[in-house]
2 protein chains.
Amino acid sequence: MTMDIKIVDVASRAGVSPATVSRVLNNTANVNAKTKEKVMEVIRELGYLPNAAAKNLRSQKTMTIGVIVPEINNSYYAEIIKGIENKAYAQKYKVIICDTGNNKEKELDFLNLLINRTVDSMILVTPQLSEEELARIVDMNYSIGIVGRYVGNGKVPCVFTDNVKFSKEVVRHLVEQGHKEIVFLSGYADAIDSFERLEGYMKALREHHLPFLPELIENGDFNERGGYEAMKRLLDKKVSFSAVYAANDEMALGVYKACREFNIAIPGQIAVVGVDNDRISRYITPKLSTVSQPKIRMGRAIVDKILHQLEHDSLKEEDRVLVLESELIVRESSDIRL
Amino acid sequence: MTMDIKIVDVASRAGVSPATVSRVLNNTANVNAKTKEKVMEVIRELGYLPNAAAKNLRSQKTMTIGVIVPEINNSYYAEIIKGIENKAYAQKYKVIICDTGNNKEKELDFLNLLINRTVDSMILVTPQLSEEELARIVDMNYSIGIVGRYVGNGKVPCVFTDNVKFSKEVVRHLVEQGHKEIVFLSGYADAIDSFERLEGYMKALREHHLPFLPELIENGDFNERGGYEAMKRLLDKKVSFSAVYAANDEMALGVYKACREFNIAIPGQIAVVGVDNDRISRYITPKLSTVSQPKIRMGRAIVDKILHQLEHDSLKEEDRVLVLESELIVRESSDIRL
DNA sequence: ATGAAAGCGCTAACAT
DNA sequence: ATGTTAGCGCTTTCAT
């Protein structure tokens, strides 16, 4: 145990009361310039820092934000966290990270940090919780922000990109390249991203007067292995197709693997497009076409909204939801001219 | 503001004293089975969770560990964090992340979370701080753990891999492949990793009776661009060499880029080996030889040591430092037979 | 402009 | 086995 110095130590040494020290520390009332100077000096001398727990208890704030993500060590989430941490630091907030490993139990468990006041607010990145579950918490007046999907609740700020819109763009690009039979590789079925990307895919087909063929839909659970196996299933089924739109880059990597194994040329025989603009997409051969999302900005934006709401106790509806632009990046894997 | 429920609410509703509620909550003394049951029931009914700040203040613990890393969104650090978070969660600890962006000021600032008791312990991953600076903090009895480098201070647990050892392995492998003029691409000069990897390189040269040529040493600041530019400088200098040992995969990626630009075949004309086993190394063409480090295990291990020390207030010297095995992974970029 | 004192919600020492 | 009470270190009325 350290013999920490407390506010009374500073006070007595400076010849003032604890209240005055608190005042200069927090700029919370007028303090005579001379005494202020003296107090500051003693604080420096003693290297005093206010005990966080006492401060939190008394002020009912922790200056801490929690972030719940499915996997910290996935570059997509790591970038979002980066944005959150950087913005939070600039506003003097700390960040507690919670890695659920895609486990909903853990997600719920971490939410307790909000209830027991360990954090002032919780950011959920592509959460598994339903709108109702979210509503229950928000209605108890706890602060929550969402990254990666739209939420209807008027008290919940959310930041995301328009899955439907960029999915349509991907399909349009593929159609322009001459493809008519396009596979859609979905992530796990209950993820909102899977659903919306599929929706965009279907809408685009209709717009281009292409038939929707259910046998061209496969699920790859958002991971490489899933993509690999889905691709093998497609090959087994002997359905005819010339392009694959994978709902993320991970699965596209799996498609690459299967193609390598079966000697299928990309993009010569099969074009491939992914989503996320994972770093690997630029380095793999052939370079993978993908959709880039402004991950760091998403992180920064949600912090902005949450803190605004925390401080002003309100958020106009038009400020509540932010949909950021994503961008289709065409690379070798879907460009026959290359 | 929510009307939170407090321990007194639970107590009165259960017809007992706050002390008893605290006892069943913390299993800190014998409580009659019947009353215990009753208290638990009320707790569930009310959805009571103990206020964290009050608990922290009273118990002088926060059950929180801070982690300071140079860049969260770098897979090497993200993996270490993953290991830390998972182990911490299993022990009921939370994790606050601090991203310094390689800024020493920020590193020092984050250490204040230790002093002001926001966290019980702080893990520094490849810190920029000197041993003396660390010692100053540790001598005030604050708990610190280090990942990624050895520290002499007997009170500081540390976990790392043996840079010298694997560097020698890398050079030996290259020599066995017939290389005699091997470039060493260093990271920024003040990083301990740069220094030790260089040391291993030099020792290996001596062991294999190869001359040490200063013109074969270049600095690439641990990033891709630095590697690219270092490689161009080497090419400009017109020195002769047939292999490059880059102190991390990032720089190796830069070497790849330069070689592509100048039409140099890897490994035909120049062999390349990196360090870190970044995911990209398996996907790039040609596949990059590299050194794999057990990142997640490093994270888990340091948490183990720190918590042991926190609870037992001591750590035997033989338990204090852990050097984990790394492994040279030979892939296409340094194997002429492939 | 400054000080005295109450109290944030919990745990632990002491009493019963 | 259980209750009473002091106090963790701070902020914030309320006085002066």
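The values are calculated or read from the model by the stated rules, or taken from the named source; none is laboratory data. All values derive from a computational prediction rather than experimental measurement. Cβ: placed from backbone, ideal geometry, glycine included. Neighbour counts: every protein chain shown. Note: areas computed on protein heavy atoms with side chains; ligands, DNA, RNA excluded. Shrake-Rupley method; radii C 1.70, N 1.55, O 1.52, S 1.80 Å.
In this structure, is B:Asp4 more than 9 Å from DNA strand D (Cβ to nearest atom) and more than 14 Å from every other protein chain (Cβ to nearest Cβ)? So B:Asp4 does not fit the description; no.
Let's see how each residue does on (1) in the same structural domain as B:Ile68 (by TED's automatic domain parsing); (2) in contact (Cβ under 8 Å) with a residue 12 or more places away in the chain:
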position	(1), (2)
B:Leu113	yes, yes
B:Ala189	no, yes
B:His209	no, no
B:Gly220	no, yes
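Just one residue in the set B:Ile7, B:Ile84 is modelled with pLDDT of 95 or more and more than 33 Å from the chain's Cα centre (by Cα); that residue is B:Ile7.
Before we move on, is B:Asn56 more than 7 Å from DNA strand C (Cβ to nearest atom) and at pLDDT below 95? No: the conditions fail for B:Asn56. Of the set (1) more than 9 Å from DNA strand C (Cβ to nearest atom); (2) buried (at least 22 other Cβ atoms within 10 Å of the Cβ); (3) more than 30 Å from A:Ala301 (Cβ to Cβ), all apply to A:Asp9 but (2). Among the residues of the stretch B:311-332, the one identified as open to solvent by less than 60 Å² (accessible area, probe 1.4 Å), over 20 Å from the mean Cα position of the chain (by Cα) and farther than 30 Å from B:Ile284 by Cα is B:Leu315.
Note on the stretch B:81-99: among residues that are in contact with a strand residue (DSSP E or B) (Cβ under 6 Å, 6 or more places away or on another chain) and more than 9 Å from chain A (Cβ to nearest Cβ), the one that is nearest to B:Glu224 (Cα to Cα) is B:Ile84. Return yes or no: is B:Ser143 open to solvent by 10 Å² or more (accessible area, probe 1.4 Å), in contact with a strand residue (DSSP E or B) (Cβ under 7 Å, 6 or more places away or on another chain), more than 9 Å from every other protein chain (Cβ to nearest Cβ) and modelled with pLDDT of 95 or more? Spelling it out, B:Ser143 is indeed open to solvent by 10 Å² or more (accessible area, probe 1.4 Å), in contact with a strand residue (DSSP E or B) (Cβ under 7 Å, 6 or more places away or on another chain), more than 9 Å from every other protein chain (Cβ to nearest Cβ) and modelled with pLDDT of 95 or more. For the stretch B:30-50, residues that are near DNA strand C (Cβ under 9 Å from one of its atoms) and open to solvent by 50 Å² or more (accessible area, probe 1.4 Å) total 1. Can you tell me which residue is least open to solvent (accessible area, probe 1.4 Å) among those in the stretch A:60-70 that are within 12 Å of DNA strand D (Cβ to nearest atom) and within 21 Å of B:Asp120 (Cβ to Cβ)? Checked the stretch A:60-70; the qualifying residue least open to solvent (accessible area, probe 1.4 Å) is A:Met63. Taking A:Val24 as the residue in question, decide whether it is open to solvent by less than 20 Å² (accessible area, probe 1.4 Å), within 13 Å of DNA strand D (Cβ to nearest atom) and more than 14 Å from chain B (Cβ to nearest Cβ). Yes. Set side by side, the residues B:Asn73, B:Asn102 differ, and just one is of a type outside the set (Gly, Ala, Ser), within 9 Å of another protein chain (Cβ to nearest Cβ) and either under 20 Å from A:Leu111 (Cα atoms) or open to solvent by 40 Å² or more (accessible area, probe 1.4 Å) (or both), which is B:Asn73.
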